[in-house]
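Below is one structure, written out as structure tokens, with a few remarks after it.
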Amino acid sequence: MLRGEGGVIRLVVVDDHPSYAHGLKTLFGALTADLDVEGVACEPQEGVNLVKDLAPDIVILDVRMPGQGGLGAAREIRQTAPNVKIVMLTYSPELQDARECLEAGVSGYLTKAMENEALIASLRAVYEGAIVIVPIALQALLREPLPSDPVLTPADREILELVAEGLDHAQIVRRLSMSDSTLKRRLSLIAKRLGARNRVEAAILAAKKGLI
């Protein structure tokens, strides 16, 4: 994805602890030249409205907030601003939260305890098209039991292996010499076979079944 003016990734931060939200703005300003927090909101609906007004590249949402919470805000943003990538932050990763966030179509489920450089790297990866999940939540998702065995072709497995390696959509297109539309169609069919809602969930399910 091409970055905005001056190569900057535009961010909105929504967290009911103003000191934390503004702290991220200060942190990114001090450590990076490409992450710019253009807006801060302290409650979910305010954040949804801010995203509509500013149309940032990424919105960072606290999972635990009053009212509809970060997850409710994520679902609304996915409907009203589908091009904005969503990253959820939590102090305590939980399996149910991670599952529901993936189902809502977020691009990141991260912990507030992660190192600054890891958080910055994760945001850059999300901007480029990756889906990033904190390891403890990913491991819990991998341990969940699966329903009946899906049927995947060798080509399906190759695509999912690249997703599991962390390649984004454009990188997979180049690696497989496949058109963008063909890959989107194949991923949609694979997800349907696996009962998954997105490509990362599909890769997780396939890995759990030993298919990749």
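With runs of 4+ DSSP H residues as the only contributors, calculate the mean residue ellipticity of the chain at 222 nm using -39,500 (n - 2.57) per run, divided by the residue total and rounded to the nearest 500.
Result for the chain, helices only: -16000 deg cm²/dmol.
All other residues with a Cβ under 10 Å from the Cβ of Val13 taken together, and with Lys, Arg as +1 and Asp, Glu as -1, what is their net charge?
-2
Counting Lys +1, Arg +1, Asp -1, Glu -1, what net charge surrounds Arg175 among other residues with beta carbon under 11 Å of its beta carbon?
Net local charge, Arg175 excluded: -3.
Cα-Cα over 31 Å: which of Lys52/Lys208; Lys112/Lys192; Lys85/Lys209?
Check vs 31 Å cut-off fails for Lys52/Lys208; Lys112/Lys192.
Taking the Cα centre of the chain as the origin and placing charges on Cβ (Lys, Arg +1; Asp, Glu -1), which of Ala113, Met178, Ala203 is farthest toward the positive end of the dipole?
About the Cα centre, the residue reaching furthest to the positive side is Met178.
Counting DSSP beta bridges in the chain, what percent are antiparallel, to the nearest 5?
0 percent
Which is farthest toward the positive dipole end of the chain among Ala164, Gly39, Ala130, measuring Cα position about the Cα centre, with Cβ charges +1 (Lys, Arg) and -1 (Asp, Glu)?
Sorting the options by dipole projection puts first Ala164.
Out of Gly47, Gly166, Gly29, any idea which swings most in a Gaussian network model of the chain, alpha carbons joined below 10 Å?
Maximum among the listed residues: Gly29.
Given the C-alpha atoms of the stretch 145-208, compute the convex hull and give its volume per residue in Å³.
Spread over its residues, the Cα hull of the stretch 145-208 gives 73 Å³ apiece.
Just one of [x] 49, 36, 31; [y] 44, 41, 28; [z] 44, 40, 33 is Cα extents along the principal axes in Å as worked out from the coordinates here. Which one is it?
Step by step, Cα extents along the principal axes in Å for this structure corresponds to label [x].
To the nearest 20 debye, what is the magnitude of the charge dipole of the chain about its Cα centre, counting +1 on the Cβ of each Lys and Arg and -1 on the Cβ of each Asp and Glu?
860 debye
The numbers here are math on the coordinates, done by the rules we state, and not lab data. Just so we're clear, the structure is a prediction, and the values are computed from it rather than from any experiment. Cβ atoms come from the backbone with ideal geometry, glycine included; neighbour counts cover every protein chain shown.
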